[in-house]
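Below: one structure, written as structure tokens.
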Amino acid sequence: SLRGPVMAEDGDLVNAKLSRLAELRVEEMPDAYRVNSRKEELMLEYVGKFVRHFSSLHPERPPLMLTPCNECGRRKFVCTTLRPTQVPYTELYDYDKCARFVAQFIAYEPLDLPTSLPAILPSPATVMDWQAGDSFDCAQLLCSLLLGVGYDAYVVSGYAPKAVALADQSSVILPALRPAPAAPPAESPPPKKYAVRPRKALSSNFLKQREAEIAAAAHGDSTAIAPKGQGQSEPALPAAAEDHQVDELQGRRVHAWVLVLAGKRMLEASLFLEPTTGSSYSLSSAPYRTIESVWNTSNYWVNLQGPLPPAELSYDLAAPAKWEGLLAESESELVDDNDDDPTLAAVELAAGRAGTPGAEPPQKVGVEAGASALAADRTRMDMPPAWSARIRLDRERLQARCPAAQRLTTYHTAHLEQFPPYSREDGLVERMTIFSDIEMEDAYEVRESYRNRKDKLSSRTVNQREGRTVETFEPGRSRALRELVSIEGSRREFRYYDGARLDGLMSRTEVFGDKTTLTYSGDGSTLTQRTASYAEASPGSGPTVRKMTERYRRTDEVDAEADVAKRTFDLANGVIKVRYHFGQDRVTRSWRTYSKQGHRVVQVDPFSRTPTDTELQEEYAQLQQAERESLTQLRETDRQAKDELTRRADEEAVIAEAMDEDEQVFGDGNFALPRHLSVSAYDTGRSKLVLSHDETEEVAEVPRDFLTPFLPRQLSPEAPPLTREEALRVRDDCLRSLKDRLVERATIVQSRLDEENAALSKRQTTFQRNRDHMDPREEEEYEAFCQEAMFRIQILEQRLERHTELSLHKYAELDTRLRSDLRLAALAG
């Protein structure tokens, strides 16, 4: 059974492992959990002998994490508790993803006794079922997953600060808010052999001394001559010093984490993984205090380098002077069982007893003597196989992750809430709340991430100070909307996916009451931007367009004197101004002005032909038509923007109503898909559940009755039958309706056939008239058009012929069905 974290009255987490063990049915557990094999008993005896020798050599060292009890109360060696397992999901193939999964999936519970090792260490499979555990449980589970995917991983037992031991990240900056790492400085070019030396910056020492004296006189000499501790502010204490002041258990808090050594899986640098938070640290920046021991499935190593920080330790586990292995790893570490026990001599040597010939002085005997003493008493021992069951994880639990359907993590001035997919009606999976103060009372920005929404909403960011809201959508939404940015009372911007719209629109920016700017990709046409400026709206009326501006990109095939760069429609004054692109090697460009009072032409090229008045008048008429078309397109984009805003408001209102109804998705294992979420076709398990759910709720379809719309009244077993006149009227109405539909269909096909014939005839006439002046390319286009037209005409003729035949058949079939219908039995009388 799944158990979430237990909270104390003061809000702190409580270790509920004992309560879970009380509910565990030991008799139903596998035999390997309840009984030790012969090899395990031998290993426990060997470990006991190692502990006695180690305690005699290092009486000041605390107990080691070697043989705790499992969930069934049976003592097990920690190395055999690990069970390397590779789960069949690519999401858990990399070390960082595995660490984040364990941190999110397992509800962390601090140790009952923060300065003592846990007495019970359950199997990783049981921890996975419980979804709760302390740091040792999480570290064992994470190490088993990493070993299963090929990493050189080890469980580390040591000491950590209070914040790490309690998984308190209130002093840690949220990863999404951390500044981006600075780019590496650009490499300076190699110095030239004959480079000119830079001038030396000359400065006057006298002036510097004079400025220092003036500054000291202005601020007074009290701070300059005051003794230490007077007149000066005390520097801020480092984090470690502050922790030492507030934590009574400084340096004694037991903790477990995971060490991953470089080498395997192409890992370049060794690192530490914190299973309670999912964070990774380099060996030089780890926040841990000291390390007592490390282990994996092959051996157990004890740290002999003293209580040094992890950054100062050597992680060469093959060095016996630095790490003492419990099992022998080479033949040189083994001795014959019949030899004399050298342990006593090693102890005497370590104690520095006098009178021993050739004995070294006591001050030169230390860790090396203890290591050699332990290494001397070795026999070949094989590691027993893992007794824990394989770690099993289904897809639903992998996606759910959060043990209580919600996970709240407190960071420095930020809250991070995480939800499983399909657990909420609105599809929310993550909410990040950013505060402006340390007390976390003034929230100024909220960032939300969504998944599997039918409306394709993927994220929403609300900045409450600026009144700014940014909504991002996945591809597939209608009108290819990618992002919607709104600043309350100021502006609104629609951004679209590139190349997804037929009109090439990329963005629409609206400054309320002032201006609207439309940006185009310029792929299908040369138009790149259209801007509309509004006049001041009068009371009771909407904004009126005062001026429109269009910008076009340069077309190399067209002469710059005829290639339009900008068109301005001054609707208020009735003036149209056209500017052309700059010509090659020119700093001025041509432009023209059109109005009802007259036209003005300015040409830069003196050799270009001056347009005639007739041509200017025709261009003016074309520009007036373009002005009307631009205004129509502008209003169409305005209408689409209003429709999109209305649609967004309706979508959010419906989802908010569903959230108010408290429609939960998960409950007692029953699956219910929220109405506003979609299921991917690749999610086979959930897709099958959705199909089965839809089939159970499918309502039996009522068969269609072709005669019901024509009956004068509803016929029931108690109602009188139709008279002959009523039956004849019903039959005639039914046949007439079918005939009208068939004739309408035939008319549509015939009209399309006539249009194709007319278009072909017109094209043939034009070809015959201009045949002598056509080039081969135009003739090929004509032949291709004729072939396509004849193909369409042939298809339409066949469709019309088939429709005629089917119409006669359908009419006769309906007449037969009417005659045999019992409700029209009066027709036979």
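Values quoted throughout were computed directly from the atomic coordinates according to the rules given, and no laboratory measurement underlies them. The shown structure was predicted, so the numbers you read here are calculated from the model rather than taken from an experiment. No Cβ is skipped: glycine too gets one built from the backbone with ideal geometry, and neighbour counts run over all protein chains shown.
Measuring nothing but how far apart in sequence close Cα pairs (under 8 Å, 6+ apart) lie, relative to its length, the stretch 506-560 scores a relative contact order of 28 percent. The phi-based Karplus calculation (6.51 cos²θ - 1.76 cosθ + 1.60; θ = phi - 60°) puts the 3J(HN,Hα) values of the stretch 788-796 at 5, 5, 5, 5, 5, 5, 4, 5, 5 Hz, whole numbers, x for Gly and Pro.
Label separation (residue 808 vs residue 682): 5.6 nm, computed from points 7 Å beyond Cα along the C-beta direction. Normalising the average separation of contacting C-alpha pairs (under 8 angstrom, six or more residues apart) by the number of residues puts the relative contact order of the stretch 586-657 at 17 percent.
Can you tell me how much longer the chain between residue 22 and residue 204 gets when fully stretched, taken as 0.36 nm per residue apart minus their C-alpha distance, in nm with one decimal? List each step's numbers first, then the result.
On the way: separation 182, 0.36 × 182 = 65.52 nm, distance 8.21 nm.
Roughly 57.3 nm would be gained on extension.
Partners of residue 739 within straight-line reach, counting lysines whose Cα lies under 24 Å from its Cα and excluding those fewer than 8 residues away in the same chain: 810.
Apply 1/(1 + (r/R0)^6) to the Cβ-Cβ distance of residue 790 and residue 195, taking R0 = 51 Å, and write down the FRET efficiency to the nearest 0.05.
Details: r = 79 Å, r/R0 = 1.54.
After rounding, the FRET efficiency stands at 0.05.
Can you give the FRET efficiency for residue 55 and residue 248, using 1/(1 + (r/R0)^6), R0 = 25 Å, r = Cβ-Cβ distance, to the nearest 0.05? Display every interim value, and only then the final one.
Working: r = 27 Å, r/R0 = 1.09.
E between residue 55 and residue 248, to the nearest 0.05, is 0.35.
Residue ranges 255-263, 519-527 sort as 255-263, 519-527 when ordered by packing (mean number of other C-beta atoms within 10 Å per residue, highest first).
Sort 482-494, 20-32 by packing, meaning the average of other beta carbons within 10 Å per residue, with the highest value first. Walk me through the numbers before you get to the answer.
On the way: 482-494: 16.4, 20-32: 12.4.
Descending packing order for the listed peptides: 482-494, 20-32.
Only lysines eight or more places from residue 192 in sequence, or on another chain, were considered; those with a Cα closer than 30 Å are 200. Scalar couplings 3J(HN,Hα) for the stretch 123-134, obtained by applying the Karplus form with A = 6.51, B = -1.76, C = 1.60 to θ = phi - 60°, are 6, x, 5, 5, 4, 5, 5, 6, 6, 7, x, 8 Hz; x denotes Gly and Pro.
Here the label points at residue 408 and residue 759, each 7 Å from Cα along the C-beta direction, are separated by 6.6 nm in the simple model. Taking every alpha-carbon pair under 8 Å whose residues sit at least 6 apart, the stretch 398-537 reaches a relative contact order of 10 percent. Where does the charge balance sit around residue 722 when Lys and Arg score +1, Asp and Glu -1, over other residues with C-beta under 11 Å from its C-beta? With Lys, Arg at +1 and Asp, Glu at -1, the neighbours total +2. When peptides 73-80, 122-129 are ranked by their average number of other Cβ atoms within 10 Å per residue, the highest-first order is 122-129, 73-80.
Any chance you could run the full-extension gain for residue 771 through residue 438? It's 0.36 nm times the residue separation minus the Cα-Cα distance, nm to one decimal. Walk me through the numbers before you get to the answer.
Working: separation 333, 0.36 × 333 = 119.88 nm, distance 8.51 nm.
Value of the extension gain: 111.4 nm.
Set against the 2.2 N^0.38 Å expectation for a compact globular protein, the stretch 753-829 has a Cα radius of gyration ratio of 2.07.
Summary of the geometry: the stretch 23-102 and the stretch 598-623, compared by the centres of their Cα atoms, lie 92 Å apart.
Taking amide H as placed 1.01 Å from N in the peptide plane, the amide H of residue 445 sits under 5 Å from that of 434, 464, each at least 5 places away or on another chain.
Straightening the chain between residue 308 and residue 213 buys 29.4 nm, computed as 0.36 nm per residue apart minus the Cα-Cα spacing. Scalar couplings 3J(HN,Hα) for the stretch 470-482, obtained by applying the Karplus form with A = 6.51, B = -1.76, C = 1.60 to θ = phi - 60°, are 10, 10, 10, 10, 7, x, x, 6, 4, 6, 6, 5, 9 Hz; x denotes Gly and Pro.
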